[in-house]
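See below for the structure under consideration.
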Amino acid sequence: MFKISKGKRIVFSGTLIVIALLGNFFNASIGISNFLMIIAAVIAGYPIAVNAMRGLRFRIVGIDALVTLAVVGALLIGEYWEAAAVTFLFMLGDYLEAKTLEKTRSSIKILLELAPDTARVIRNDKEIEIEAENVVKGDIAVVRPGEKIPIDGEVIEGEAYVNQSAITGESIPVHKEISAKVFSGAVIESGYIKVRAEKVGEDTTFSRILQMVEDAQDKKAKTQKFLEEFSKYYTPGIIILTFIIYLITRDITLALTLLVIACPGALVISAPVSIVAGIGNGAKNGVLIKGGDIIERLGKAKVIAFDKTGTLTVGKPRVTKVKGFGMSEDEILELAGRAEVYSEHPLGRAIMAEAVERFGDIIDPPEKSEIIVGQGINVILDGRTVLVGNRRLMEQNYVDITDEIEEYIRREELEGQTAVIVSDSQEVLGVISIADVLREDARDTVSKLKTLGIKKVVMLTGDNNRTAASIASQVGVDEFYGELLPQDKVAILDNLQGQVGPTVMVGDGVNDAPALASADLGIALGGAGTDVAMETADVVLMSDQLYKILYAIGLSRATVMNLKQNIYFSIIVAGLLLAGVLAKKIDLSSGMLIHELSVLLVTINAIRLLGYGKKTDGKH
Amino acid sequence: MKTKTYQLETLTCPSCVTRIEKVVGKTEGVIQVEVLFNSSRVKVEYEEDVVDSKRIEDTIEALGYSILGGK
């Protein structure tokens with residue numbers, strides 16, 4: 001009985017209470033139901049009493065001391081139901097709080113797993129493997145496909161496609177060659193580079209991201225000050241009042257009535273029940289809100305900042321347009337799809353995916369194929385040369401790009417597209433435009449946010465300004481900021497916080513983690529999101545439907561409204577009860593009745609929240 | 001003067017914060033205590049010739065919070 005888990009205690013005491021209530025209902029012996037209530041109160045109350053004792057040893061009177069005193073009092077004057085209910089609810093609230101809190105705290109662990117742990121460096125002309133933290137400034141690190149770059153530094157040899165979405169949020173792997181800067185934590189997709197270490201250990205961008213998440217986590221614990229202050233005076237106040245009244249009246253029943261009626265009850269559960277109902281409703285509708293203060297803050301948001309890649313956009317490059325010069329669209333796509341059949345490059349895969357979608361599986365692979373890193377692919381298809389790649393590939397192979405085609409390519413690029421050129425050995429046959437596309441509901445969600453009273457909707461991205469501008473105008477945000485590193489996002493958020501008001505960051509990537517944590521509120525898009533952002537965020541949209549953010553805001557406002565109703569109501573009831581008991585207008589039984597009714601009413605009020613969104617089917 | 005951070009089991013109630021700060025803060029030799037609620041850590045600054053880490057750990061544990069590690 002002493003080492004039972006909290007969860008089991010709650011289930012056990014809850015079950016006993018239900019059995020006892022059923023017993024009452026079916027007119028079983030009062031003795032049995034009372035006995036069950038006492039057992040329930042002892043089971044749930046034991047840890048509360050232990051905590052109270054621990055505090056008392058250091059002369060601290062906490063809420064647990066007050067609950068314990070009231071429960072003991074209730075047991076003494078035979079109010080077994082009250083004793084059982086108070087302890088049960090107290091433990092249940094505590095338990096639910098612990099459960100939601102746990103989630104927010106595993107973020108650091110997941111981030112740490114993403115950190116590079118080994119590095120291959122050249123020392124004494126030999127390549128050796130060492131712990132990533134032992135790399136020193138000036139070391140030369142060798143990184144191959146699939147490996148993580150262990151340090152921040154400059155490429156001194158080789159070239160590669162590097163996926164640094166973990167740091168910058170760029171949607172497409174970037175080509176890095178000599179003298180380019182690379183970040184620790186980025187992954188080599190193809191190619192091979194040697195990097196001279198410039199920042200190592202805790203100075204790397206990635207380590208700083210980790211540090212920022214850690215700091216930001218505790219930057220928030222400012223809320224609930226009021227309740228803490230309140231309980232600091234309320235708790236000892238009630239005890240002293242009870243004691244004084246006992247001294248004056250020598251009326252032990254009055255004193256205990258006061259203690260039991262004045263303490264917990266509706267006031268204690270008023271806020272938690274609303275919040276539990278709000279969180280419950282959210283969870284049922286795919287919106288995970290990690291705590292009560294988050295609900296409060298979400299309702300007050302004035303600025304919403306969206307990450308671009310994977311949030312406003314789908315996050316995967318897709319073929320958006322195919323243009324043939326002397327050939328049909330389908331012919332170009334089929335040719336390019338066959339050429340890219342073995343390609344590992346994200347652009348190549350996008351082309352292949354589109355070709356497979358249109359024509360089914362590719363069964364005729366090229367006879368010969370050569371990948372040219374940084375340029376594209378050179379294949380022999382049905383005995384003839386086909387090139388798929390960028391301008392440099394064309395130049396290297398003396399393929400002429402006419403003015404008309406060059407003009408077309410420029411236009412596509414201005415619109416934020418990546419243009420992939422398809423040619424034979426002499427002339428350009430077609431151009432395939434590839435881009436990360438908007439989520440279907442992005443535009444609609446952004447415009448509806450405005451009708452919810454959000455003052456400013458902005459977009460933050462690590463991607464280049466050209467792509468950023470294109471997406472920003474498609475989605476209709478008020479402002480956008482491109483080419484940002486994680487710390488830049490944090491700075492911009494701080495700025496918006498100061499200028500406009502409470503700021504919400506919506507994102508999905510690891511690089512969003514500091515921004516998610518340092519904004520007043522972080523919302524992660526679940527389906528498309530990485531674990532880290534999900535863990536760091538205050539609100540997680542389980543599906544990748546962006547419009548759920550509208551639901552989350554609406555639900556938060558409804559919950560706060562509900563919570564306020566409950567708090568005001570229970571304060572008024574508590575005040576009236578207190579006055580009534582002191583004036584001896586209310587005795588224990590009628591006081592208890594009002595007390596129970598008020599508890600019932602705040603609970604019923606909170607339950608209304610479970611129906612929020614039903615009328616609109618949870619959609620926008 | 002020394003600063004040490006203790007990792008505690010998950011803190012669940014904001015009142016834990018005041019409780020630990022109050023009690024550890026009153027310990028002789030302790031200059032400053034900060035409870036990081038979200039990461040469940042306690043940062044203590046203390047004079048090592050007046051009080052040792054063991055004493056601080058014992059105090060926190062006596063309050064009912066088990067210590068998982070420290071650095």
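The values are calculated or read from the model by the stated rules, or taken from the named source; none is laboratory data. Because the structure is a prediction, the values reported are computed rather than measured. Note that each Cβ is placed from the backbone with ideal geometry, even for glycine, and that neighbours are counted across all protein chains shown.
Looking only at residues in the range A:12-57 that are more than 14 Å from residue A:82 (Cα to Cα) and of a type in the set (S, T, N, Q), the one that is surrounded by the most Cβ atoms within 10 Å (Cβ to Cβ) is A:51. So, residue B:45, is that one surrounded by 13 or more Cβ atoms within 10 Å (Cβ to Cβ), more than 14 Å from every other protein chain (Cβ to nearest Cβ) and outside any loop (DSSP other than H, G, I, E, B) or not? Yes: the conditions hold for residue B:45.
Residue-wise test of (1) β-branched (Val, Ile, Thr); (2) more than 26 Å from residue A:369 (Cα to Cα); (3) touching a Lys or Arg at 6+ places or on another chain (Cβ under 6 Å).
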position: A:428; (1), (2), (3): yes, no, no
position: A:431; (1), (2), (3): yes, no, yes
position: A:439; (1), (2), (3): no, yes, no
position: A:444; (1), (2), (3): no, yes, no
position: A:450; (1), (2), (3): no, yes, no
position: A:465; (1), (2), (3): no, yes, no
position: A:470; (1), (2), (3): no, yes, no
position: A:478; (1), (2), (3): no, yes, yes
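In a residue-by-residue description of the range A:195-216, the property of being modelled with pLDDT under 60, part of a loop (DSSP other than H, G, I, E, B) and under 29 Å from residue B:19 (Cβ atoms) applies to no position. Taken over the range A:399-418, residues that are in contact (Cβ under 8 Å) with a residue 12 or more places away in the chain and out of contact with any Phe, Trp or Tyr (no Cβ under 9 Å at 6 or more places or on another chain) amount to 11. In a residue-by-residue description of the range B:4-11, the property of being at pLDDT 85 or above, out of contact with any Lys or Arg (no Cβ under 8 Å at 6 or more places or on another chain), more than 10 Å from chain A (Cβ to nearest Cβ) and not in a helix (DSSP H, G or I) applies to no position. Please go through the range A:361-371 and pick out each residue that is exposed (fewer than 15 other Cβ atoms within 10 Å of the Cβ), in contact (Cβ under 8 Å) with a residue 12 or more places away in the chain and assigned to a strand (DSSP E or B). Matches in the range A:361-371: A:368 only. Residues of the range B:18-42 being facing chain A (nearest Cβ under 10 Å), in a strand (DSSP E or B), over 22 Å from residue A:47 (Cβ atoms) and not acidic (Asp, Glu), which ones? Those that are facing chain A (nearest Cβ under 10 Å), in a strand (DSSP E or B), over 22 Å from residue A:47 (Cβ atoms) and not acidic (Asp, Glu): B:36, B:41.
Within the range A:171-194, take every residue that is assigned to a strand (DSSP E or B) and not β-branched (Val, Ile, Thr) and give me the one that is nearest to the chain's Cα centre (by Cα). Step by step, filter the range A:171-194, then rank; the result is A:189.
Tell me whether the range A:328-337 contains one or more residues that are over 30 Å from residue A:457 (Cβ atoms), of a type in the set (A, V, I, L, M, F, W, C) and free of Cβ contacts under 8 Å to residues at least 40 places away in the same chain.
The first filter runs over the range A:328-337 and keeps only residues over 30 Å from residue A:457 (Cβ atoms), leaving A:328-337.
Pick out the ones that are also of a type in the set (A, V, I, L, M, F, W, C) and you get A:332-333, A:335-336.
Then drop every residue that is not free of Cβ contacts under 8 Å to residues at least 40 places away in the same chain, which leaves none.
Within the range A:328-337, not a single residue is over 30 Å from residue A:457 (Cβ atoms), of a type in the set (A, V, I, L, M, F, W, C) and free of Cβ contacts under 8 Å to residues at least 40 places away in the same chain.
Can you tell me which residue among A:294, A:261 is over 30 Å from residue A:412 (Cβ atoms), crowded, with 18+ Cβ neighbours inside 10 Å, at pLDDT below 85 and within 14 Å of another protein chain (Cβ to nearest Cβ)? Talk me through it step by step, then tell me what you get.
Working: A:261 fails: within 14 Å of another protein chain (Cβ to nearest Cβ).
Result: A:294 is the single residue among A:294, A:261 that is over 30 Å from residue A:412 (Cβ atoms), crowded, with 18+ Cβ neighbours inside 10 Å, at pLDDT below 85 and within 14 Å of another protein chain (Cβ to nearest Cβ).
Looking at the range A:40-58 only, could you name the residues that are in a helix (DSSP H, G or I), within 14 Å of another protein chain (Cβ to nearest Cβ) and not hydroxyl-bearing (Ser, Thr, Tyr)? Write out each step before concluding.
Step one: filter the range A:40-58 for residues in a helix (DSSP H, G or I), giving A:40-57.
This time we only want the ones that are within 14 Å of another protein chain (Cβ to nearest Cβ), so: A:46-57.
Correct list: A:47, A:48, A:49, A:50, A:51, A:52, A:53, A:54, A:55, A:56, A:57.
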